[in-house]
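Values quoted throughout were computed directly from the atomic coordinates according to the rules given, and no laboratory measurement underlies them. Computed from a predicted structure; not experimentally measured. Note that we place each Cβ from the backbone using ideal geometry, even for glycine, and neighbour counts take in every protein chain shown.
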Amino acid sequence: MSRLSLTLAVVLGLSVAACDRGAPEEAQESGANEAPSGEIDRSMAGELLPAMNVTDLDGRELNLGALQGEPVLLNLWATWCAPCVKEMPLLDEVAEDYGERLRVITVNQDMGSRDKVAEFFGQAGYAHLESWLDPEAELSFAMSGGWLPTTVLYDASGLEVWRVRGDLDWSSEEARAAIDEAFQD
């Protein structure tokens, strides 16, 4: 089996499981394979923003590690992931509300579907989100073990403040207070 085929099989298996909110409770065991909680997790605080390249819909590259100097809210998502799609309008509102103080970056994990992502963003009309692509889903594996959605807040030094595996109500007071932590010294 080729590396790409194996990667595809693993990503699809993990990501579908992560997005399946209809699974019976008894199927969701605790431990390493636990489903995303949608809660703020500070266990990885202090980890450095990964120096990985992503591309935008026009093919321009961005090295995430070069984003130091401003707080970043990095969201990993896919068009086929219902919780991911549900939180996109809320993330667009976060980007609008925080403006230039916070860079909100969404990185698609659809495994090479540039056209699908362009169509999704075009139909949704998000005015404030940056759409980036990770066609090999490398970020998803490196940062979240393949769970989608995963969102990580980094401070201006490029250090992780917290992460959320699963969807979150980004319009809630809890979420906004947590985002504000990136601006504290």
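What relative contact order, as a whole-number percentage, does the stretch 54-185 give when Cα pairs under 8 Å and 6 or more residues apart are counted?
Values: 237 pairs, mean separation 42.0, N = 132.
Value for the stretch 54-185: 32 percent.
What translational D, rounded to a whole number of µm²/s, comes out for the stretch 85-185 from Stokes-Einstein when the hydrodynamic radius is the Kirkwood one over Cα pairs, at 10 °C and 1.306 mPa s?
Approximately 111 µm²/s, per Stokes-Einstein.
For the peptides 49-55, 174-180, what is the packing order when you average, over each peptide's residues, the other Cβ atoms within 10 Å and list the highest mean first?
49-55, 174-180
Taking every pair of distinct Cα atoms and averaging 1/r, then inverting, what Kirkwood hydrodynamic radius in Å comes out for the stretch 39-150?
14.3
Could you please report the charge total around residue 109, scoring K, R as +1 and D, E as -1 over all other residues with beta-carbon less than 13 angstrom from its beta-carbon?
Net charge around residue 109: -2.
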